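Structure first, commentary second.
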Amino acid sequence: MTSELSNTSLSSGNSGQTDGSCLCGAVKFSISGPPLMKLLCHCVSCKKISGSLFQANNFYSISQLTISPLTDPNAIKTYVDKSPESGKGVHRTFCAVCGSRLWNTTPEHLGNVVVMVGSLNLNDEEWKKWTPEREFFCKRKGEWPGDGGAPEEGKTSEM
């Protein structure tokens, strides 16, 4: 996966760029431009891998993701998850040092990357304004957070 991503330096001050990192800072990356989609996934695999009731994701084109040249390639590991309810394998990338989840890819969608929203370096206002546009596997959604998720037309029982 990392060989598909370019290693160019992060430029600061670019309003079209969002930086991200793992918890310990061993892996740094940037995203250029807005996400193609913002969503919550309620499938069992995402619940287990995130340790939460759902996983918040931003979808991007793979060309929008750049790994910092300061990142040691050995700090980036990928687990091939064959458990998703969709029946498709998911390549889940994480920091080998601190274990932070970073992004997912799938062989079926090689041109896209799903970035964990929690790995983005957002300011307080950006965190507060992040809102999902879609939700997957709503049949597994808990009663909480109630109506706080995606609009009705963006919700599906399955993926």
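Checking the conditions here, which among 97, 115 is outside any helix (DSSP H, G or I), hydrophobic (A, V, I, L, M, F, W, C) and within 13 Å of residue 35 (Cα to Cα)? Before the answer, list the steps.
Values: 97 fails: within 13 Å of residue 35 (Cα to Cα).
Testing whether each residue is outside any helix (DSSP H, G or I), hydrophobic (A, V, I, L, M, F, W, C) and within 13 Å of residue 35 (Cα to Cα) leaves just 115.
Consider residue 57 carefully, then state whether it is under 17 Å from the mean Cα position of the chain (by Cα) and surrounded by 14 or more Cβ atoms within 10 Å (Cβ to Cβ). Break it down stepwise before answering.
Numbers: under 17 Å from the mean Cα position of the chain (by Cα): yes; surrounded by 14 or more Cβ atoms within 10 Å (Cβ to Cβ): yes.
Considered against the rule, which asks whether it is under 17 Å from the mean Cα position of the chain (by Cα) and surrounded by 14 or more Cβ atoms within 10 Å (Cβ to Cβ), residue 57 comes out as yes.
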Would you pick out the residues in region 121-139 that are closer than 20 Å to residue 52 by Cβ and either open to solvent by less than 10 Å² (accessible area, probe 1.4 Å) or assigned to a loop (DSSP other than H, G, I, E, B) (or both)? 121, 122, 130, 131, 132, 133, 135, 137
Determine whether region 73-84 contains at least one residue that is touching a Lys or Arg at 6+ places or on another chain (Cβ under 6 Å), of a type in the set (Asp, Glu) and in contact (Cβ under 8 Å) with a residue 24 or more places away in the chain. yes
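Whether any residue in region 150-159 is over 26 Å from residue 23 (Cβ atoms), of a type outside the set (Lys, Arg) and open to solvent by less than 10 Å² (accessible area, probe 1.4 Å) is what I want to check. Reasoning before the result, please.
Start the filter on region 150-159 by keeping residues that are over 26 Å from residue 23 (Cβ atoms), which leaves 150-159.
Still in the list and also of a type outside the set (Lys, Arg): 150-154, 156-159.
Among the residues that remain, those that are also open to solvent by less than 10 Å² (accessible area, probe 1.4 Å) are: 150, 154.
Looking through region 150-159, at least one residue is over 26 Å from residue 23 (Cβ atoms), of a type outside the set (Lys, Arg) and open to solvent by less than 10 Å² (accessible area, probe 1.4 Å).
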Residue set 88, 38; condition touching a helix residue (DSSP H, G or I) at 6+ places or on another chain (Cβ under 8 Å) and modelled with pLDDT of 95 or more; output residue 38
Restricting attention to region 1-35, the residues that are modelled with pLDDT of 95 or more and within 22 Å of residue 97 (Cα to Cα) number exactly 13
Residue within region 98-106 that is over 20 Å from residue 25 (Cα atoms) and without any contact (Cβ under 8 Å) to a residue 60 or more places away in the chain present: yes
Just the residues that are in contact with a helix residue (DSSP H, G or I) (Cβ under 9 Å, 6 or more places away or on another chain) and open to solvent by 50 Å² or more (accessible area, probe 1.4 Å), please, taken from region 63-84. 73, 78, 79, 83
Look through 87, 99, 111 and report the one residue that is within 22 Å of residue 64 (Cα to Cα), open to solvent by less than 80 Å² (accessible area, probe 1.4 Å) and not acidic (Asp, Glu). 111
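Condition (residue is more than 23 Å from residue 158 (Cα to Cα), among the hydroxyl-bearing types (Ser, Thr, Tyr) and over 15 Å from the mean Cα position of the chain (by Cα)) applied to region 79-95: is it met by at least one residue?
If we filter region 79-95 for residues that are more than 23 Å from residue 158 (Cα to Cα), which is where we start, we get 79, 93-95.
Those left that are additionally among the hydroxyl-bearing types (Ser, Thr, Tyr): 79, 93.
In the following step, the residues that additionally are over 15 Å from the mean Cα position of the chain (by Cα) were identified as none.
No, that holds for no residue.
The values are calculated or read from the model by the stated rules, or taken from the named source; none is laboratory data. All values derive from a computational prediction rather than experimental measurement. A quick note on method: Cβ atoms are made from the backbone with ideal geometry, for glycine too, and the neighbour counts reach across all protein chains shown. Side chains included, ligands, DNA and RNA excluded: accessible areas come from the protein's heavy atoms. Shrake-Rupley method; radii C 1.70, N 1.55, O 1.52, S 1.80 Å.
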